[in-house]
Amino acid sequence: MPRLGTADRPRVLVVEDESETAFVISQLLDREGFAVSIAASPAEAISLAAQLAPQALLVDIRLGDESGLDLLEKLRADGEKIPIIVMSVVDQVNVKIEAVRRGCDAYFEKPIDWDVLLRKLRYLLDPPEPRTHRILTVEDDPEQSRFIAGILRDAGYEVDICAEVASVDDAISRLRPDLVLLDVHLPDGSGLDVARYLRQDDSFAAIPILFLSADSTDAAQIEAGAAGADGFLRKPISPELLLASIAGRLSRASHLQSLLEHDGLTGLLTRAGFIDRAAALIADKRRNADLHFSLVLLDVDHFNPVTDTYGHVAGDRVLASLASFLRRNVRESDLVARYGGEEFALLLHAPESAARIVVADILREFAATQHQTDDGGTFTVTFTAGVAELTREMGIEDWKILADRALYEGKRHGRNQVIAASTMDEAILDGRVLDPLFELERRAGVPLVAEIREIFLSALPARIETIRRAVESGDSRTAEQAAHAFRSAAGNVGAVRLGALCAELELLTRARDLEHARTLVPAVVDESRRVAAALAHLVR
Amino acid sequence: MKILIIDDEEDVRRIATLSLVHVGGFAVIEACSGEEGLRLAREHRPDAILLDVMMPVMDGPATLAALRDDPLTRDIPVLFVTARATPSEVEDLESLGAKGILTKPFHALSFPDQLKAVLDAEPPPIPGLD
């Protein structure tokens with residue numbers, strides 16, 4: 001089975017001359033999933049930046065010392081485009097402004113609020129994907145609208161034109177614009193009313209609205225501001241000014257949108273942002289059945305006792321660490337979200353079986369991670385996950401319900417496991433196999449079911465032991481044979497899920513993928529127990 | 001009609017035998033390994049052989065080869081029985097000279113009909129059979 005790519009840890013170069021502070025920072029960043037290099041001087045920083053090609057810089061600048069600011073300028077002059085975050089004890093606004101002018105992306109005063117700094121760092125490292133922005137122009141003069149649309153399209157925007165108030169609603173639901181450009185005087189009403197109408201709807205609270213009008217009296221501008229406009233541009237307008245005004249508003253709006261869609265503690269997508277993106281994939285799936293999308297809902301086990309015992313700060317650290325675990329172990333194109341308190345969601349571009357293996361891998365590693373308590377102790381935490389693959393018939397609600405049911409099933413059966421939804425619809429023992437056996441038993445006048453049950457139960461401990469030992473010792477041939485025989489035995493009693501698990505184990509061992517086979521053994525053991533219990537209760 | 005079942009798994013033999021005897025009206029002989037199967041095939045000359053693919057020591061394909069090497073058993077139709085049957089695996093097994101493939105687990109009641117369907121699929125009947 002292929003393992004989905006493990007993204008390399010992003011490398012951060014820390015420029016800090018106090019070795020003790022540098023050590024503390026590097027420990028912290030390491031725990032958060034970053035690779036860290038340390039430069040003790042500006043000169044070393046410049047040479048390491050060229051040598052290591054880090055993804056971000058964290059620079060300490062000191063009071064009355066120009067070298068930190070000079071370093072920023074030198075790096076930017078060298079064409080360095082990566083995010084640079086400055087940390088400093090200096091709280092003078094002129095120094096801060098100077099740092100930003102010389103190219104720093106964020107300035108943090110000491111003492112540092114690391115949660116905020118890390119959130120910023122993650123945002124800078126993973127900014128919202130650049131996409132084509134859509135602009136709606138509400139303008140009744142055909143010559144004007146052709147002129148404006150031409151400028152905007154040349155600049156790479158998608159543009160829709162609407163010539164009257166009456167068709168604004170349709171245009172908006174069709175285009176879903178990122179920015180609206182409004183004329184004040186329209187044939188059937190006023191652009192000011194359109195602005196007021198848009199602003200009363202919460203879903204347009206953040207969308208930039210710009211007026212573009214020949215009527216640029218103070219009164220018009222004041223009324224536009226009151227109606228919720230972000231700016232007022234006067235016709236005729238130069239293409240440069242129009243584009244600059246639009247670009248500035250769009251960039252700020254997308255930053256805002258990103259803040260709204262990202263969780264403060266973990267920097268992951270919020271539930272709303274995640275669901276929006278997941279819903280968009282449903283259309284992709286309907287167009288192309290060959291695409292595979294799996295939704296994973298994942299919940300930290302016994303989280304309340306963790307916070308009760310170790311405190312909320314330790315609890316937050318667990319969540320942040322799980323977030324970075326998840327982010328690191330899935331592909332760039334996969335989505336990771338904080339779904340609720342201690343619940344996370346993943347959207348993997350993979351079939352259900354592959355997704356289950358990826359998540360089982362993450363669980364294994366995460367469960368082995370030691371978390372720190374405030375008094376220097378350590379503890380471990382597990383999670384339970386449900387995985388469901390999207391089919392063409394599903395809507396977003398069906399998809400969520402399936403993954404949630406699988407998660408619940410895992411919780412009910414002891415937690416610390418990953419359950420695939422497709423294996424859940426089958427009962428532990430399938431009547432379609434058992435019923436004919438009972439009928440045969442009746443016709444033959446032999447207690448067949450009891451016999452088969454005895455054969456199954458008496459062989460069970462040895463089967464499990466053989467599989468466990470073969471997988472542990474790396475004997476894939478024996479493991480494959482044992483899994484095969486077990487699958488056949490499971491089939492005979494109608495243990496469908498156990499049969500499916502053994503089939504997966506058989507495939508993995510045949511491919512000599514013992515690492516993943518190992519993650520499956522607990523599920524096989526678990527399901528065997530359930531089958532044994534169900535068989536024991538089988539009375540007719 | 002006499003059927004020889006060669007399968008190392010007791011539960012499979014038990015279900016198949018009861019089904020073939022009580023539902024299908026066949027006579028059945030059981031062997032729990034390839035070696036025993038060869039011996040019983042020579043001794044009883046069954047009308048058909050059900051042969052498990054994966055068995056320890058002498059597996060299904062090896063047993064089939066041995067049956068084909070012996071003039072006494074050469075012409076007995078052999079059906080492979082397997083829990084694993086992807087199209088390419090079916091093709092591989094059929095290329096070894098098996099008359100057909102039956103997949104496990106068996107449906108306890110319709111198994112005899114499945115078997116008959118495969119055996120009747122290719123007339124004329126093999127000479128020398130009663």
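Let's see how each residue does on (1) within 14 Å of chain B (Cβ to nearest Cβ); (2) loosely packed, with under 14 Cβ neighbours inside 10 Å:
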{"position": "A:R392", "(1), (2)": "no, yes"}
{"position": "A:E397", "(1), (2)": "no, yes"}
{"position": "A:Y408", "(1), (2)": "no, no"}
{"position": "A:L448", "(1), (2)": "yes, no"}
{"position": "A:R453", "(1), (2)": "yes, no"}
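Among the residues of region A:325-345, which ones are of a type in the set (A, V, I, L, M) and either surrounded by fewer than 24 Cβ atoms within 10 Å (Cβ to Cβ) or within 13 Å of A:T266 (Cβ to Cβ) (or both)?
First, pick out the residues of region A:325-345 that are of a type in the set (A, V, I, L, M): A:326, A:330, A:335-337, A:345.
Hits for region A:325-345 are A:L326, A:L335, A:V336, A:A337, A:A345.
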Restricting region B:31-56 to residues that are away from every other protein chain (no Cβ under 14 Å) and acidic (D, E), the residue that is nearest to B:L115 (Cα to Cα):
B:D47
Do we find a residue being out of contact with any Lys or Arg (no Cβ under 8 Å at 6 or more places or on another chain), among the aliphatic types (A, V, I, L, M) and in contact (Cβ under 8 Å) with a residue 12 or more places away in the chain anywhere in region A:102-111?
no
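Look through region B:9-18, keep the residues that are in contact (Cβ under 8 Å) with a residue 24 or more places away in the chain and part of a helix (DSSP H, G or I), and return whichever of them is farthest from the other protein chains (Cβ to nearest Cβ).
The initial filter retains those residues of region B:9-18 that are in contact (Cβ under 8 Å) with a residue 24 or more places away in the chain, namely B:9, B:12, B:15-16, B:18.
When the remaining residues are screened for being part of a helix (DSSP H, G or I), the result is B:12, B:15-16, B:18.
Working: B:V12: 6, B:I15: 6, B:A16: 10, B:L18: 5 Å.
Going through the qualifying residues, I end up with B:A16.
Those residues that are within 21 Å of A:L269 (Cα to Cα) and either in contact (Cβ under 8 Å) with a residue 40 or more places away in the chain or β-branched (V, I, T) (or both), I need them from region A:127-146; list them, please.
Narrowing region A:127-146 to residues within 21 Å of A:L269 (Cα to Cα): A:127-133.
Listed by number, the residues that qualify are A:P127, A:P128, A:T132, A:H133.
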Need pairs with beta-carbon distance below 6 Å; first residue within 16 Å of B:D7 (Cα to Cα) and at the interface with chain A (Cβ under 7 Å from one of its Cβ atoms) and within region B:102-114, second among the polar types (S, T, N, Q) and surrounded by 16 or more Cβ atoms within 10 Å (Cβ to Cβ); sequence gap 6+ or separate chains.
B:K104/A:S488; B:P105/A:N492
Out of all the residues in region A:424-439, is one or more assigned to a loop (DSSP other than H, G, I, E, B), out of contact with any Pro (no Cβ under 6 Å at 6 or more places or on another chain), facing chain B (nearest Cβ under 9 Å) and of a type outside the set (D, E)?
no
Do any helices (runs of 4 or more DSSP H) entirely within region A:1-111 hold 2 or more residues that are β-branched (V, I, T), and if so, which?
A:19-31, A:93-101
Residues of region A:189-235 being touching a residue at least 12 places away in the same chain (Cβ under 8 Å), part of a loop (DSSP other than H, G, I, E, B) and more than 18 Å from A:H133 (Cα to Cα), which ones?
A:A214, A:D215, A:S216, A:G228, A:A229, A:K235
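Conditions tested, residue by residue: (1) touching a Leu at 6+ places or on another chain (Cβ under 9 Å); (2) surrounded by fewer than 19 Cβ atoms within 10 Å (Cβ to Cβ); (3) over 23 Å from A:D141 (Cβ atoms).
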residue: A:R199; (1), (2), (3): no, yes, yes
residue: A:D202; (1), (2), (3): no, yes, yes
residue: A:I209; (1), (2), (3): yes, no, no
residue: A:L212; (1), (2), (3): yes, no, no
residue: A:S216; (1), (2), (3): yes, yes, no
residue: A:A227; (1), (2), (3): yes, no, no
residue: A:L233; (1), (2), (3): yes, yes, no
residue: A:E240; (1), (2), (3): no, yes, no
residue: A:G248; (1), (2), (3): no, yes, yes
Determine, yes or no, whether A:A279 is farther than 23 Å from A:G410 by Cβ and assigned to a helix (DSSP H, G or I).
yes
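Residue-wise test of (1) farther than 24 Å from B:V12 by Cα; (2) among the hydrophobic types (A, V, I, L, M, F, W, C); (3) surrounded by fewer than 22 Cβ atoms within 10 Å (Cβ to Cβ); (4) touching a strand residue (DSSP E or B) at 6+ places or on another chain (Cβ under 6 Å).
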residue: A:R469; (1), (2), (3), (4): yes, no, yes, no
residue: A:E472; (1), (2), (3), (4): yes, no, yes, no
residue: A:N492; (1), (2), (3), (4): no, no, no, no
residue: A:R510; (1), (2), (3), (4): no, no, yes, no
residue: A:L514; (1), (2), (3), (4): yes, yes, yes, no
residue: A:R518; (1), (2), (3), (4): yes, no, yes, no
residue: A:P522; (1), (2), (3), (4): yes, no, yes, no
Residue that is modelled with the highest pLDDT, among those in region B:92-117 that are out of contact with any helix residue (DSSP H, G or I) (no Cβ under 8 Å at 6 or more places or on another chain) and either loosely packed, with under 14 Cβ neighbours inside 10 Å or closer than 17 Å to B:V53 by Cα (or both)
B:D113
So, A:R469, is that one of a type in the set (K, R), away from chain B (no Cβ under 12 Å) and closer than 23 Å to B:P56 by Cα or not?
yes
Conditions first: (1) of a type outside the set (D, E, K, R); (2) at pLDDT below 90; (3) in a helix (DSSP H, G or I). B:V21 passes all but one, so which condition is the exception?
(2)
Those residues that are among the polar types (S, T, N, Q) and within 25 Å of A:R510 (Cβ to Cβ), I need them from region B:39-79; list them, please.
B:T63
Residue, nearest to the chain's Cα centre (by Cα), within region A:481-498, restricted to residues that are more than 8 Å from chain B (Cβ to nearest Cβ) and not in a loop (DSSP other than H, G, I, E, B)
A:R497
Given (1) more than 24 Å from A:R510 (Cα to Cα); (2) in contact with a helix residue (DSSP H, G or I) (Cβ under 8 Å, 6 or more places away or on another chain), A:G445 misses just (2)
Quick check: anything in region A:365-383 exposed (fewer than 15 other Cβ atoms within 10 Å of the Cβ), of a type outside the set (A, V, I, L, M, F, W, C) and assigned to a helix (DSSP H, G or I)?
yes
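The values are calculated or read from the model by the stated rules, or taken from the named source; none is laboratory data. Computed from a predicted model, the values in this text were never measured in an experiment. Neighbour counts are summed over all protein chains in view; Cβ atoms, including those assigned to glycine, are modelled from backbone coordinates with ideal geometry.
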